[in-house]
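No value in this document is a laboratory result; all are computed from the given coordinates. This one's a predicted model, so the numbers in the text were calculated from it and none came from an experiment. All Cβ positions, glycine included, derive from the backbone under ideal geometry; neighbour counts span all protein chains shown.
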Amino acid sequence: MTEASNPLLQPSTLPYGLPDFNAIRPEHYLPAFRQAFDEHRREVSAITAVRSLPTFENTIEALERSGELLDRVAHAFYTVSSADATPEIQAIDEELAPLMAAHQDAIRLDAQLYWRVSQVHGQLDDLDLDDEQRYLVERHLREMSHAGAGLDDDAKARLTGLNQRLSSLSTTFEKNLLNDTNELAVLFDDVAELDGLSAGELSAASRAAADRGEEGKHLVTLPLFSGHPYLSALTVRESRRRIMAASLTRASRGNGNDNRAVLTEIVRLRAERAALLGYASHAAYITADETAGSPEAVERMLRRLAVPAARNAERERVALQEIIDQSAPEPFELEAHDWAFYTEKVRQARYDIDTAALRPWFEAERVLRDGVFFAATKLYGVSFTEREDLDAYHPGARVFEVHDTDGAAVGLYVLDLYTRDSKRGGAWMNPIVSQSALRGTLPVVANNLNVSQPGEGQPTLLTLDEVTTLFHEFGHALHGLFARVTYPHFSGTNVFRDFVEFPSQVNEMWILWSEVLDNYARHYETGEALDPGIVERLRATETFDQGHATSEYLAAAWLDQAWHRVQDGPEIGDVAAFEAAALEDVGLRNAVVPTRYSSTYFAHVFSGGYSAGYYSYIWSEVLDADTVEWFRENGGLTRENGDRFRQRLLGVGGSKDPLEAYRDFRGRDAEIGPLLTRRGLAD
């Protein structure tokens, strides 16, 4: 294959540098990566070969200019490997994982490059640098030191081996999880077993079954988390049990997709690597370069919240059991698969709200255009135009062009809404092209969700949780679209892991904001607005079931910390026993409220970027809740407020210490009170 025949090796001619996915074939990826690795190494070698003394220009800025081809190839591949992982793409991912780890180590552990960066850092007070340049020097030195650039050659060799093995294991974990999740999708022969689901949900289940050759049946696919949206509506208890049981057993069944040995090896090797780098544990290593600073700080917060959360969950359990005792023909003991169903009954009895019945008001296209986009236009003045002439990486992904009020180009937004067997679970945002003034690029960002797609001609009606997910992920997209930095190191969401969820959580506030809700929550058939009385009752339920929601989240965050506070030493053999002991320790071991993710399907921490960092959601929520208070105090959905948030937080990307950026926006540090009130933990 020649360079000219590989579309990945040529700059895209499409708007905004959008990769020409129609021209890219699986066989193009590995040759493109190999050439990109070689080019990046040559670029770094040219930096270290300079005979003159290190300067910002010949070292730091030159480093930022390097690796452009690799970034372009990697963004294209990892977009596809997460959203459309065919067997061919999975095989490439497995082969690529150790190669990518080895290449990254070759750069960040380069002794000569480290020396040059250190020399520039030592001159900081004498150099005429702007704030972004100064912070860039500090971050490069910190990140190279943290990665192990200061180790001796023998330690570096061992470190490189560990990183390659860990990269391969993470890829295996994700592949096993995707395969087992597909295998465990629950097939129902009789539609009566799915009583309680809407016509759209039944249509989606019928379509999913037909796609697998099971005409006339219904297939319920599994989301990434332990529960399932359908559990709140299914009237047949055995159907609920089957779905929950399938979810909880993923990648732990003793078959070829079992992740238990994979994750214990990941834990052992991460602990060994942390010790090699001078840290007591992987959690200590990770948090040392986050805003939290230490696992002890994380533990203090999680323990502080766990006690009242578990207390509230127990109160909720008692209320649900009372409903069962009073209403069930044959009373039974509440189990995990019953929680969502009877929670809806309590919600209806207490607040006269049936959330499942609200779906006709949440038609996906209207939520997107008249909710998500509408709020962004009101706040930031941006507009969205669908570009049907541009193709993304899959026919189901749509492309929108974003412009500022003055007509200036902002970037492209890609939305990939529907689930499919080749897409990993959950929801996420990723960059396809990163913004950088140095490289002259504007951002292209993608949002992926896993909404069930109804049959042809049927509307896509979202649950309130799916509406929340769309607003949340779009908050990440805005962060990626609005960041305006010079250096690619700081582009978009390249911020500390325990800060990255903050902008996305803030964007959720507009879901029930009157001006936004009134615009998008219209019945898909009649155009009727959602009853104001229902809206008020929805707002009144914001702390409802928060004991359960907070407990299942905290259990997962604690489990992540427990695995990653394991120190270098004997391997853990029994995954289930380790989980049980960890949750018992924090008071969150509760079969009726299972952890949001059990270890074998905890993709965030074993195949994603959240290892020892799943606490980030609640950590960021302190900032989020405090920011929501600021918006309310200052008039809410206004351009003035949006511009301040955009300029002082979203717009700086990673080019500023995040807590300093927050203080610049808020005028002070965040306070925890609003979070405690939001989650019903204030008492």
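Assorted remarks:
- For the chain, with +1 on Lys and Arg beta carbons and -1 on Asp and Glu, the positive-most of Ala91, Thr541, Leu277 along the dipole: Leu277
- Burial ordering of Thr600, Thr48, Thr385, fewest other beta-carbon atoms within 10 Å first: Thr385, Thr48, Thr600
- Student exercise, the stretch 137-216 dipole from Lys, Arg, Asp, Glu Cβ charges, in Debye to nearest 20: 740
- Counted charge near Ser252, where neighbours are those whose Cβ lies closer than 10 Å (Asp, Glu -1; Lys, Arg +1): +1
- Euclidean distance of C-alpha centroids, the stretch 252-273 and the stretch 438-490, integer Å: 31
- Selection from Phe33, Thr385, Val402, by position along the positive dipole direction of the chain (Cβ): Phe33
- Distance between the 7 Å Cα→Cβ label points at Gln123 and Ala106: 2.8 nm.
- Compared with the direct C-alpha span, the chain from Ala261 to Thr235 gains 5.6 nm at full extension, assuming 0.36 nm per residue.
- At an R0 of 45 angstrom, the distance between the Cβ atoms of Ala319 and Ala577 translates into a FRET efficiency of 0.90.
- Projecting label points 7 angstrom from Cα along Cα→Cβ for Asp20 and Arg65 puts them 2.7 nm apart.
- Summed residue charge, Cβ within 14 Å of Ala274's Cβ, Lys/Arg positive, Asp/Glu negative: +2
- Gained length - Thr405 relative to Ile672, 0.36 nm times residue gap less alpha-carbon distance: 92.6 nm
- Sparse-neighbour loop sites [trypsin sites (Lys or Arg not before Pro); the stretch 584-683; at most 13 other C-beta within 10 Å; DSSP]: Arg668
- The stretch 667-676 - phi-based ³J(HN,Hα) in whole Hz, Karplus 6.51/-1.76/1.60, Gly and Pro as x: x, 6, 6, 6, 10, 7, x, x, 5, 4
- Here Tyr393, Tyr78 are placed in order of increasing Cβ neighbour count within 10 Å, fewest first, which gives Tyr78, Tyr393.
- Proximal charge balance of Ser422 [Cβ under 11 Å; K/R count +1, D/E count -1]: 0
- Placing unit charges on the Cβ atoms of the charged side chains and taking the dipole of the stretch 536-587 about its Cα centre, the candidate lying farthest along the positive direction among Ala581, Ser551, Ala562 is Ser551.
- Backbone phi angles across the stretch 275-286, fed through the Karplus curve with coefficients 6.51, -1.76 and 1.60 (θ = phi - 60°), yield HN-Hα couplings of 4, 4, 8, x, 10, 5, 7, 5, 4, 5, 5, 5 Hz in residue order; Gly and Pro are listed as x.
- Taking the Cα centre of the chain as reference, the dipole from Cβ charges on Lys and Arg (+1) and Asp and Glu (-1) amounts to some 740 debye.
- The long axis of helix 464-482 is offset from the longest Cα principal axis of the chain by roughly 20 degrees.
- Nearest 10 degrees, 0 to 90: helix 575-586 Cα axis against the chain principal axis: 80
- Cα gyration tensor, the stretch 360-540 - rounded (a/c under 1.5), prolate or oblate: prolate
- Sorted largest first, the spans of the alpha carbon positions of the stretch 143-258 along the three principal axes are 66, 27, 24 Å.
- Based on DSSP H segments of at least four residues, each scored -39500 (n - 2.57), the chain has a per-residue ellipticity at 222 nm of -16500 deg cm²/dmol.
- Stokes-Einstein D for the stretch 7-150, Kirkwood Rh over Cα pairs, 10 °C, 1.306 mPa s (µm²/s): 95
- The stretch between Asp131 and Ser52, if pulled fully straight at 0.36 nm per residue, gains 25.9 nm over its current Cα-Cα span.
- Computed about its Cα centre, the charge dipole of the stretch 104-255 is approximately 720 debye, with only Lys, Arg, Asp and Glu carrying charge at their Cβ.
- Within the straight-line cut-off of under 25 Å between alpha carbons, the lysines reachable from Lys217 are Lys423, sequence neighbours fewer than 8 places apart in one chain being disregarded.
- Cα-Cα P(r), the chain, percent of pairs per 10 Å interval: 3, 14, 25, 29, 19, 7, 2, 0, 0
- Per-residue ³J(HN,Hα) for the stretch 446-451, Karplus 6.51 cos²θ - 1.76 cosθ + 1.60, θ = phi - 60°, Hz, x for Gly and Pro: 10, 10, 10, 10, 10, 7
- DSSP loop GluC sites (Glu not before Pro) with at most 14 other Cβ within 10 Å excluded, longest remaining stretch of the chain: 4-214
- Calculated P(r) tail over 14 Å for the stretch 184-248, as whole % of Cα pairs: 51
- The shape of the stretch 251-305 comes out oblate: with a ≥ b ≥ c from the C-alpha gyration tensor, a/c is at least 1.5 while a/b does not beat b/c.
- Footprinting exposure proxy for Thr441, Thr221, Thr2, Thr249 (fewest neighbouring C-beta atoms within 10 Å first): Thr2, Thr249, Thr441, Thr221
- Whole-number D in µm²/s for the stretch 553-683 (Stokes-Einstein; Kirkwood sum over Cα pairs; 10 °C, 1.306 mPa s): 92
- Between the helical axis of 339-351 and the longest alpha-carbon principal axis of the chain there is an angle of about 70 degrees.
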